[in-house]
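Q: This is the structure I have questions about; it appears just below.
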Amino acid sequence: QVQLVESGGGLVQAGGSLRLSCTASGRTFSRYANWYRQAPGKEREFVAAISWSGNTYYADSVKGRLIISRDNAKNMVYLQMNSLKTEDTAVYFCATGRDYNSAAPYYGMDYWGKGTLVTVSL
């Protein structure tokens, strides 16, 4: 079992930055450590993924603004969020698994955190 805990969410003005963290306990992250988000009234969607070797993948909506990274030694995954927009407002979830499909948020992800709320205001 892997327990994932997200932190770093909060209220920020549009154009600002936040850094989310996800810590794993119990076991290490699996091959992929990903971030997803769910806005009020919307489906959960893929944000970013990072493989064990450090290859990164992003949703088109966040490319160039959000950066995913991981520290395998510390069992941590991060999401640096820059140039935030109001449409980035959502609960952000950390997840890990052996595979993923950006079009199917729950595919391949074995463990999920409970999420951290990011609110971007005008």
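The values are calculated or read from the model by the stated rules, or taken from the named source; none is laboratory data. None of these values were measured; they are calculated from a predicted model. Here Cβ is always computed from backbone atoms with ideal geometry, including for glycine, and neighbour counts include all displayed protein chains. All accessible areas refer to the heavy atoms of the entire protein, side chains included, with ligands and DNA or RNA removed. Shrake-Rupley method; radii C 1.70, N 1.55, O 1.52, S 1.80 Å.
Q: Residue by residue through the stretch 75-92, which ³J(HN,Hα) values in whole Hz follow from phi under the Karplus form 6.51 cos²θ - 1.76 cosθ + 1.60 (θ = phi - 60°), with glycine and proline marked x?
A: 6, 10, 10, 10, 9, 7, 10, 10, 6, 5, 10, 4, 6, 7, 4, 4, 8, 9
Q: Across the stretch 53-70, in residue order, what do the Karplus-derived ³J(HN,Hα) couplings come to in whole Hz, using 6.51 cos²θ - 1.76 cosθ + 1.60 with θ = phi - 60° and x for Gly and Pro?
A: Coupling constants for the stretch 53-70: 7, x, 5, 10, 9, 9, 5, 4, 5, 10, 4, x, 10, 10, 10, 9, 8, 9 Hz.
Q: Keeping the other protein chains in place, figure out the carbon and sulfur percent of the accessible area of the chain, with a 1.4 Å probe.
A: 49 percent
Q: Would you please name the trypsin sites (Lys or Arg not before Pro) within the stretch 32-66 that are DSSP coil residues with at most 14 other C-beta atoms within 10 Å of their C-beta?
A: Those satisfying the criteria are 42, 63.
Q: In addition: Remind me, relative contact order of the stretch 1-76 in percent, using alpha carbon pairs under 8 angstrom and six or more residues apart?
A: Computed value for the stretch 1-76: 25 percent relative contact order.
Q: Let me ask something else about it. Taking the Cα atoms of the stretch 12-122 alone, what are Rg (to one decimal) and Dmax (as a whole number) in Å?
A: 13.1, 40
Q: So between residue 56 and residue 117, what do we pick up on full extension, going 0.36 nm a residue minus the alpha carbon distance?
A: 19.7 nm
Q: What number comes out for accessible area per residue over the chain if the probe is 1.4 Å? Units Å², please.
A: With the other protein chains kept in place, the chain gives 51 Å² per residue.
Q: Now for a separate question. Is there a quick way to get the dipole size of the chain? I mean about its Cα centre, with the Cβ of Lys and Arg at +1 and of Asp and Glu at -1; what is the value in debye to the nearest 20?
A: Once rounded to the nearest 20, the dipole reads 200 debye.
Q: Using 7 Å Cα-to-Cβ label points, what is the residue 98/residue 28 separation (nm, one decimal)?
A: 1.7 nm
Q: Taking amide H positions as placed in the peptide plane 1.01 Å from N, state which residues far from residue 110 in sequence (5 or more) or on other chains have amide H under 5 Å from it.
A: 96, 97, 98
Q: Let me ask something additional. Can you grab the distance from the C-alpha centre of the stretch 72-88 to the C-alpha centre of the stretch 1-68, Å, no decimals?
A: Going from one Cα centre to the other spans 6 Å.
Q: Can you give the extra length, in nm with one decimal, that the chain gains between residue 65 and residue 17 once fully stretched, where that is 0.36 nm per residue apart less the Cα-Cα distance?
A: 16.3 nm
Q: If Lys and Arg each add +1 and Asp and Glu each add -1, what is the summed charge of the other residues whose beta carbon sits under 15 Å from the beta carbon of residue 61?
A: Its environment carries a net charge of +1.
Q: Right, another one. Give me a comma-separated list of calculated 3J(HN,Hα) values for the stretch 108-122, in order, Karplus coefficients 6.51, -1.76, 1.60 applied at θ = phi - 60°, integers in Hz, x for any Gly or Pro.
A: Once rounded to whole Hz, the list reads x, 8, 8, 9, 10, x, 8, x, 9, 7, 10, 10, 10, 9, 6.
Q: Are there chymotrypsin sites (Phe, Trp or Tyr not before Pro) in the stretch 1-93 that DSSP puts in a loop and that have at most 13 other Cβ atoms within 10 Å, and which ones?
A: The qualifying sites are 52.
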